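Accompanying notes for the structure given below.
The values are calculated or read from the model by the stated rules, or taken from the named source; none is laboratory data. Predicted, not measured: the structure shown is a model, and the values here were computed from it. All Cβ positions, glycine included, derive from the backbone under ideal geometry; neighbour counts span all protein chains shown. Ligands, DNA and RNA are stripped out before the accessible areas are found, and what is left, the full protein with its side chains, is counted by its heavy atoms. Shrake-Rupley method; radii C 1.70, N 1.55, O 1.52, S 1.80 Å.
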Amino acid sequence: MTVAAGGEVGEFEIDPKRIMVMGVVGGFVGVYLVSLNILLNTTIFSFFAGIGAIMAIMWGADQVSHVSKYGLGTGVPSIGILAIGMGIIATLFGLSISYKLGVDAIGPVIGFLTSCAIGAVIGYLVNRFIGLNVPILVSATLQIAGAASLTLIALMTAVSGSYYFLDMVRHVIDPGFVALILITSGLAILNPFNACLGPDERQSRTITLAKVTGAIAMILAGIAAISSIGLISGFIILALGIALWIVFFMKFWDLTKRDAFAVWCTGLLPEEEE
Amino acid sequence: MEVILLILLLMIGGILVTAAVHFVPVGGAPAAMAQTTGVGTGTTMLATGSGLTGLVSAGFMMESVGYDISNLPLVLASGAVGAMLMICITMLMGNIVYIFGVGVVPSSAKVKFDPITKLRQDLYVSKGTEGHGIPTVSFVSGTIGGLLGGIGGSLVYWTLLEINHNPAMSGIFAIGFFFLNAVIASYNIGGTIEGFHDPKFKRLPKAIVVSTVASLMCSIVAVFISTGGL
């Protein structure tokens, strides 16, 4: 185990389990509310998936912050990149297999569960054979992979207006928006802790930054959605993303000032060594 | 039978990527300040940069010759050349900055004499640093890394295309596969490595074990990804 990346291990302002429940429930509710699109034969309800993505990103970023405090030796981005690597593989599998079985509706659930399984196995292998010796690595990689998969599914649903595999292939994968979504999801999950780490890192500020990056992901999904599902539906996602970004960024700015105060007051170094 | 062959090819691709990363001189954040040998960025960034260039060049070759099995060597070679070019240009530009910008001599702190040029290294390592720049041995090692990574990446891409016949889907899956194996290698080398002469290179078998299991799992999953029926 190398030097910790900052902050205290094992102290939480918000219980990680609560954030996990929020991430899973919020993510799935967001994705499945897009069913309204199919029921009412429209595309304007796609924005629910964007909100679901923000919830999943919060969960992923929170787990990244917990595991990175142990010091991975390779920097925070590696775990985010690993997460979307596992996430995209499992997501494509889940959506594809449910389409082949003729039950498209369970695609997101299969993708999510597969991602969690791949995450747990890789976490175990890395701990066991490579000897990273991070006690929470298995649970963390499991949750980060799950969050990454849910984020990818939610953003892809927002852009394609449906969680059906063929719609996603037509609207997200073939035009190449999937590459944009892949890298945006990765950055949204890894950036919050990467930007906030240090001795004064606090969970509430990191989580707020995760909401900010989530809103940015939603804005980008909105721009992609304008070209894939139509001007009005895309514009709703874009406008909501911008509104949420402004709200969350103001909150983040307040928290930054709150946490910076303690550093500001530490005083100057003595001029001569005594 | 054919399915098992496809899974096997995907696994070989994944293992090649993991092995490739161990050859690339990754310096990480310290190298960005010329305080350790290697290119000043993380493992995943370097591997991804060269791997994706390999994918693009392999895809370009496949577009012009068609994805018949007899063209596989041509596609793999094209991917390898693409990845090697990318990593070589990165290392060359890095060296130009280190030599003419920072003003340091490319030198390795892990060996006393460069195994290829036989030139003395330790005299040129600045005090308080772990070497700097990309010496000849690391450059050669990085090129081998590009070769293996390019072959691995394009093998994965070709195999996936064989399964689902959709270039966009194969491409994005290959990127995910590449990320995963690159990060496994990155955890194994713990952030920085100089190349095949670095003592950390001996850890390679451990990463191969992890990569084999992880790649097997992802390959089994990959066979089911297509827009066709079961």
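Cross-link reach is defined here as a Cα-Cα straight distance under 30 Å, omitting same-chain residues fewer than 8 places apart; for residue A:69 the lysines meeting it are A:17, A:211, A:251, A:257, B:110, B:200, B:202, B:206. At q = 0.23 Å⁻¹, what log₁₀ I(q)/I(0) does a Debye calculation on the Cα points of the stretch A:155-214 give, no solvent, two decimals? For the stretch A:155-214 at q = 0.23 Å⁻¹, log10 I(q)/I(0) is -0.82. Compute a Gaussian network model of chain B, connecting alpha carbons closer than 10 Å, and tell me which residue from B:138, B:186, B:126 fluctuates the most. Answer for the Gaussian network model of chain B: B:126. Across peptide A:63-75, the average count of Cβ atoms from other chains found within 10 Å of a residue's Cβ is 3.
From most to least packed by mean Cβ count within 10 Å, the peptides B:12-23, B:103-114 give B:12-23, B:103-114. Karplus-derived 3J(HN,Hα) values for the stretch B:170-187, using 6.51 cos²θ - 1.76 cosθ + 1.60 with θ = phi - 60°, are 4, x, 5, 5, 4, 5, x, 4, 5, 4, 4, 5, 5, 6, 4, 5, 4, 5 Hz; glycine and proline are entered as x. Neighbouring Cβ atoms from other chains, within 10 Å of the Cβ of residues in B:167-177, number 6 on average.
Computed from Cα atoms, the angle from the helix B:43-65 axis to the main principal axis of chain B rounds to 40 degrees.
Which chymotrypsin sites (Phe, Trp or Tyr not before Pro) does the stretch A:148-251 hold that lie in a coil by DSSP with at most 16 other beta carbons within 10 Å? Don't skip to the end; give the middle numbers.
Numbers: sites: A:163, A:164, A:165, A:177, A:193, A:235, A:245, A:248, A:249; in loops: A:163, A:164.
Taking the stretch A:148-251 and a limit of 16 other Cβ atoms within 10 Å, no loop chymotrypsin sites (Phe, Trp or Tyr not before Pro) are found.
Would you mind getting the Kirkwood hydrodynamic radius of the stretch A:161-268 from its Cα pairs, rounded to one decimal in Å? Present the calculation step by step, with values, prior to reporting the outcome.
Numbers: mean 1/r = 0.0646 Å⁻¹.
Its Kirkwood hydrodynamic radius stands at 15.5 Å.
Note on the stretch A:103-220: Kirkwood radius taken over Cα pairs, Stokes-Einstein applied at 37 °C and 0.692 mPa s, translational D equal to 210 µm² s⁻¹. All Cα-Cα distances of the stretch B:30-189, cut into 10 Å bins from zero to the largest, leave 12, 35, 28, 17, 8, 1 percent in each bin in turn. Computed from protein heavy atoms with a 1.4 Å probe, the total accessible area buried between B and A is close to 3100 Å². Carbon-plus-sulfur accessible fraction, the protein assembly as shown (probe radius 1.4 Å, protein heavy atoms only): 71%. Comparing B:72, B:161, B:119 in a Gaussian network model of chain B, where Cα atoms under 10 Å apart are tied by springs, the biggest mean-square fluctuation is seen for B:119.
When a/c is below 1.5 the answer is rounded, else prolate if a/b is larger than b/c, else oblate, so apply that to the stretch B:163-230 with a ≥ b ≥ c taken from the square roots of the Cα gyration tensor eigenvalues. Verdict is prolate for the stretch B:163-230. With everything on Cα atoms, drop me the angle between helix A:47-68 and the longest principal axis of chain A, reported from 0 to 90° to the nearest 10. Around 30 degrees separate the two axes.
Taking every residue in B:191-202, how many Cβ atoms of other protein chains lie within 10 Å of its Cβ, on average? Present the calculation step by step, with values, prior to reporting the outcome.
Details: counts 6, 2, 0, 0, 0, 0, 0, 0, 0, 0, 0, 0.
Per residue, the number of nearby Cβ atoms from other chains is 1 on average.
Computed over protein heavy atoms with a 1.4 Å probe, the accessible surface of chain A works out to 41 Å² per residue. Ranked by the mean number of other Cβ atoms within 10 Å of their residues, highest first, the peptides A:21-31, A:147-157, A:106-116 fall in the order A:147-157, A:106-116, A:21-31. Calculation over all alpha carbon pairs of the stretch B:62-127 in 10 angstrom steps from 0 returns a P(r) of 18, 27, 25, 15, 14, 1 percent. The residues of the stretch B:43-226 present an accessible area of 39 Å² per residue when probed at 1.4 Å with all protein chains retained. Under the rule a/c < 1.5 gives rounded, and otherwise a/b versus b/c splits prolate from oblate, where does the protein assembly as shown land using the Cα gyration tensor? Note, shape of the protein assembly as shown comes out oblate.
Estimated purely from DSSP H runs of n ≥ 4, each contributing -39500 (n - 2.57), the mean residue ellipticity at 222 nm for chain B is -22000 deg cm²/dmol once divided by its residues. Normalising by residue count, the stretch A:16-258 has a Cα convex hull of 104 Å³ per residue.
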